[in-house]
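Contents: one structure, followed by commentary.
Any read-out appearing in this document is the output of simple, stated calculations on the displayed coordinates, not a laboratory observation. Small disclaimer: the values here were computed from a predicted structure and weren't measured. Cβ atoms come from the backbone with ideal geometry, glycine included; neighbour counts cover every protein chain shown.
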Amino acid sequence: MQPLIQKYIPKTTKDVFGQDDSIKQLKNFIVNFKKEKKKSALIYGSSGTGKTSSVYTIANEIGYEVIEVNASDFRNAEQINQKVGNAIKQQSLFAKGKIILVDEIDGLSGHEDRGGIQAITKLIGDSSYPIILTATNPFDNKFSSLRSKSNLMEFKQLDYLSIFNIFKKICDNEKIKYDEEILKALSRRAGGDARAAINDLQMLAQNKKELTKESLEELAERNKTDSIMTALNKIFKTTDIKIAISAFDNVKEDLDEQLLWIDENLPKEYTKPQELAKAYEMLSKADVFKRRIKRWQHYRFLVYINALITAGIASAKNEKYKNLVQYKPTGRILKLWWANQKAAKKKEIAARIAEKTHSSKKEIIKSTMPYLPIIFKNKEMRSNIINYLNLNEEEVEWLKSQVKI
């Protein structure tokens, strides 16, 4: 099945929700470029707000060609001058004009040894075409020279209604059944990131073609793994070790789960045998350090493990792969999670019984819980148990799942 994020890439500016003012400002800059004092636009905002998509939709509408380069793929000023500089010099053969899009400048270095920012700043002054830069945070001190040369345009975080409208359009087209309140609840959980929201929608609805209340419960686990998805993107989609090495800084999953996620998705991303082998060598060394920590309690090795599974794996490739990969958890992680979920429900119900009977939870799990599903078969007793223990809907559903009622 084609990824929905790819299938529903905006084709016109009307397909980009929630950014009307920013798109109008950007389009005016591009159309009136020759009259502009500043020769570049720096568009910024959080992930999934439509920055890159807006550039392409504007270009489609005015008949311009887009030359896109990703800043994180460049290791030094020479590479930037070669790629961007050549794009600036070449005439557009089949379009009215062209736009030079330098995506994700957060990955550029301002240090003299690499000189990426200085190179871009100079090219802006020499360009006969509009240069569009995208960034998450343009207010870092290292971007001061770029800010002075650029028109700053903010793409604000999308509100939940914008996400809801995107969802509704996709669901109607894909014939996915939904309740509007559930769709709105899903929209609120997206955190303003349209790209992540569409991925969530596909994950929840691709098999059953329906969004239910249970779908939102499934998303609770996905919310936990959102940070993992971001981390994998930082590792797999960049060659900049400074970006990669911070990938797991805010990830809640423990080290074992991080290794499993990488192991599962690495061969899907790295398709060149030599680069895949080098990446797995980094992963295997990390595993060696992990075993040494377990055996000798040498926790100082953790810093080496992090470096190997982030910067090490990122640097195993020569350039970023352009293929779109949907990262998925290993089956082992899902089995562990489902087991933990079931155990948690069991413990919650046992705790309620223990409170009512002045017993220990441990004793209730051992002596009472095995018989509770059997008692639950009787409708009258089931109703009494629900009321007496004040069981919530999830706990009732768990008990029902233990027996055929």
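Between Q297 and E348, what is the label-point separation in nm under the 7 Å Cα-to-beta-carbon projection?
With each label placed 7 Å out from Cα toward Cβ, I get 3.7 nm.
Got a sec to turn the phi values of the range 183-192 into Karplus ³J(HN,Hα) couplings, 6.51 cos²θ - 1.76 cosθ + 1.60 with θ = phi - 60°, whole Hz, x for Gly and Pro?
Working through the residues one at a time gives 5, 5, 4, 5, 5, 5, 7, 6, x, x Hz.
Put +1 on the Cβ of each Lys and Arg and -1 on the Cβ of each Asp and Glu in the chain; which of A277, I241, L146 then has its Cα farthest toward the positive end of the dipole?
Of the options given, the answer is A277.
As a test of the formula, what do you get for the chain when each DSSP H run with n ≥ 4 contributes -39,500 (n - 2.57) and the sum is divided by the residue count, at 222 nm and rounded to the nearest 500 deg cm²/dmol?
It lands at -17500 deg cm²/dmol.
Tell me, what ³J(HN,Hα) does each residue in the range 247-256 have, in order and in whole Hz, if you take phi through Karplus 6.51 cos²θ - 1.76 cosθ + 1.60 with θ = phi - 60° and put x for Gly and Pro?
So the Karplus estimates, Gly and Pro as x, are 4, 9, 4, 10, 8, 7, 4, 6, 4, 4 Hz.
Which order results if V303, V31, V16 are arranged by neighbouring Cβ count within 10 Å, fewest first?
V303, V31, V16
Roughly how tilted is helix 213-236, in degrees to the nearest 10 and between 0 and 90, from the longest Cα axis of the chain?
Helix 213-236 and the main axis of the chain meet at about 40 degrees.
Classify the range 19-154 from the C-alpha gyration tensor, please: rounded if a/c falls under 1.5, else prolate or oblate depending on whether a/b exceeds b/c.
In terms of gyration-tensor shape, oblate.
Which of the pairs K149/K184; K184/K208; K35/K83; K34/K142 have their Cα atoms more than 30 Å apart in this structure?
Details: K149/K184 41 Å; K184/K208 19 Å; K35/K83 26 Å; K34/K142 27 Å.
Check vs 30 Å cut-off fails for K149/K184.
For a protection proxy built on the mean count of beta-carbon atoms within 10 angstrom, sort 127-137, 3-13 highest first, please.
Descending mean neighbour count gives 127-137, 3-13.
Is the range 336-402 best put as rounded, prolate or oblate by its Cα gyration tensor, with a ≥ b ≥ c the root eigenvalues, rounded for a/c under 1.5, and otherwise prolate when a/b is larger than b/c, oblate when not?
It is oblate, given that a/c is not under 1.5 and a/b is not larger than b/c.
Go through the range 24-41 residue by residue and turn each phi into a ³J(HN,Hα) via Karplus (6.51, -1.76, 1.60, θ = phi - 60°); whole Hz please, and just put x for glycine and proline.
Calculated HN-Hα couplings, in order: 4, 5, 5, 5, 4, 4, 5, 5, 9, 3, 5, 8, 6, 6, 9, 9, 9, 10 Hz.
Near the amide H of E68, under 5 Å away, which other amide H atoms are found, from residues 5 or more places off or on another chain, if H is placed in the peptide plane?
Residues meeting the amide H criterion: L101.
Of the cross-linked pairs K37/K122; K122/K156; K361/K400; K7/K175; K7/K209, which ones have a Cα-Cα span greater than 26 Å in the structure shown? Before the final figure, lay out the partial values.
On the way: K37/K122 15 Å; K122/K156 29 Å; K361/K400 21 Å; K7/K175 15 Å; K7/K209 16 Å.
Pairs exceeding 26 Å: K122/K156.
Starting from the Cα gyration tensor of the range 160-224, take the square roots of the eigenvalues, sort them a ≥ b ≥ c, and report rounded, prolate or oblate (rounded when a/c is under 1.5, otherwise prolate if a/b is larger than b/c, else oblate).
Since a/c stays below 1.5, the shape of the range 160-224 is classed as rounded.
For M153, which sequence-distant residues (separation of 5 or more, or a different chain) have an amide H within less than 5 Å of its own amide H, given hydrogens modelled in the peptide plane?
L42, I43, Y44
To the nearest 10 degrees, how steeply does helix 160-174 sit against the main Cα axis of the chain, on a 0 to 90 scale?
Approximately 80 degrees, to the nearest ten.
Which entries in K272/K322; K345/K366; K272/K320; K24/K51; K38/K96 show an alpha-carbon gap greater than 18 Å?
The pairs that break the limit, which is 18 Å between Cα atoms, are K38/K96.
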